[in-house]
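Scroll down for the structure; my scribbles are underneath it.
The values are calculated or read from the model by the stated rules, or taken from the named source; none is laboratory data. A quick note: this is a predicted structure, and the numbers were derived from the prediction, not measured. Here the Cβ positions follow ideal geometry from the backbone for every residue, glycine too, while neighbour counts run over all protein chains shown. Surface accessibility is based on the protein's heavy atoms, side chains included, excluding ligands, DNA and RNA. Shrake-Rupley method; radii C 1.70, N 1.55, O 1.52, S 1.80 Å.
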Amino acid sequence: MSEAINLHRSAIDMLMATSRTFFIPISQLPSGLQEAVSSAYLCMRAIDEIEDHPQLQVEAKHNLLRSISLLLKEPYNNEELMTLFHPYKSLLPEVTLRFGEWIKLCPPTIVENISSATSTMAKGMADWVLKEWRIENEEDLNEYTYYVAGLVGVMLSDIWKWYDDVETDKDLAIAFGRGLQSINILRNRAEDLERGVDFFPDGWELEDMYMFARRNLALADVYLKDIKPGPIYNFCKIPVALAHGTLDALTDGKEKMSRATVTEIVSRVVDRK
């Protein structure tokens with residue numbers, strides 16, 4: 001029992017260190033659901049760190065991501081994963097190296113769904129690493145954002161179904177993830193260009209990406225209508241509300257929302273009756 005408690009505490013600490021956006025709603029989820037969502041988020045964050053790593057070469061990223069994808073198609077073997085990570089141990093962040101802990105945290109009756117979604121995401125990321133993220137058109141943008149974010153929406157919908165028999169629309173779940181990712185693309189635009197990556201399709205201006213984000217966030221709002229008020233609703237609503245707020249701030253020429261605005265948005269969602 002103490003091992004499970006320590007594992008849960010470690011996961012919460014890691015969430016706090018890696019995601020301000022998701023730490024708040026995850027920390028408010030009930031027992032069981034909190035472990036499942038924490039596990040899912042941290043597994044996906046672990047591979048995301050490989051895709052975005054500034055020092056790993058393309059070949060190393062591709063090899064790691066493809067190998068993780070294949071390993072997750074089989075019953076989980078931590079020894080094999082640690083052997084895979086070993087040559088890169090000094091480079092990979094803690095959240096990635098502790099991947100086995102995040103799998104262990106997951107309730108056994110949902111772990112297969114999370115492993116499968118993470119496997120698919122890793123394969124998609126590996127393919128886009130080889131393409132060097134060259135996004136030529138909106139179709140490419142939709143494909144890339146499906147792998148890195150739309151899949152998160154699908155996986156969360158699987159968790160809602162598992163935990164509370166909540167039925168949600170798959171296409172709207174994908175738009176939910178895609179809408180949040182489009183805000184990240186806008187926020188990190190300068191930083192991405194500095195490292196030689198451009199997630200904007202050829203010929204797109206800022207306004208085009210603003211429109212893409214607004215379209216997907218509008219669908220995310222529809223996604224929320226299938227979920228009754230409660231912890232799951234709050235979990236989904238908080239990041240969507242923050243994404244709307246960030247988009248408004250970016251449109252007004254600000255880099256991000258103020259901490260006071262973030263607190264006000266979260267309070268408004270949590271206090272909603």
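In loop segments of segment 158-223 as defined by DSSP, the trypsin sites (Lys or Arg not before Pro) with at most 10 further C-beta atoms inside 10 Å of their C-beta are 195. Within segment 3-37, whose backbone N sits under 12 Å from a point 7 Å along Cα→Cβ of residue 252? Answer for this model: none.
With 0.36 nm allotted per residue and the present C-alpha distance subtracted, the residue 263-residue 132 stretch has 43.5 nm of extension available. Beyond 18 Å, the tail of the calculated P(r) for segment 186-239 holds 50 percent of the Cα pairs.
Please go through segment 112-144 and write out the GluC sites (Glu not before Pro) that DSSP classes as loop and that have at most 16 other C-beta atoms within 10 Å.
For GluC sites (Glu not before Pro) across segment 112-144 that sit outside H, G, I, E and B with at most 16 neighbouring Cβ atoms in 10 Å, the list reads 132, 136.
The length gained by stretching the chain between residue 19 and residue 60 to full extension, at 0.36 nm per residue less their Cα-Cα distance, is 12.2 nm.
Mean residue ellipticity at 222 nm, helices only, the chain: -22500 deg cm²/dmol; runs of at least 4 DSSP H residues each add -39,500 (n - 2.57), and the sum is divided by the number of residues. Within segment 48-90, the trypsin sites (Lys or Arg not before Pro) that combine a DSSP coil assignment with at most 12 other C-beta atoms in a 10 angstrom radius are 73, 89.
Considering only 269, 151, 186, and ranking their Cα positions along the charge dipole of segment 148-273 that arises from unit charges at the beta-carbon of Lys, Arg, Asp and Glu, the one farthest toward the positive end is 269.
About the centre of its Cα atoms, the chain shows a dipole size close to 840 debye [charges on the beta carbon of Lys, Arg (+1) and Asp, Glu (-1) only; nearest 20 debye]. Fraction of C-alpha pairs exceeding 33 angstrom in the chain: 18 percent, rounded to a whole number. Taking label positions 7 Å along the Cα-Cβ direction at both residue 194 and residue 222, the computed distance is 3.8 nm, reported to one decimal. Per residue, the accessible area of the chain comes to 50 Å², computed with a 1.4 Å probe over protein heavy atoms only. For segment 48-116, the fraction of alpha-carbon pairs lying more than 17 Å apart is 41 percent, rounded to a whole number. Among 130, 224, 156, the largest mean-square fluctuation in a Gaussian network model of the chain, built with springs joining Cα atoms closer than 10 Å, belongs to 130.
Considering only Cα-Cα distances, which of the following residue pairs are longer than 29 Å: 61/228; 225/256; 104/254; 73/170; 104/225? Mind showing how you got there, number by number?
Details: 61/228 40 Å; 225/256 27 Å; 104/254 41 Å; 73/170 22 Å; 104/225 33 Å.
Exceeds cut-off: 61/228; 104/254; 104/225.
Solvent-accessible area assigned to carbon and sulfur over the chain amounts to 50 percent, based on a 1.4 Å probe.
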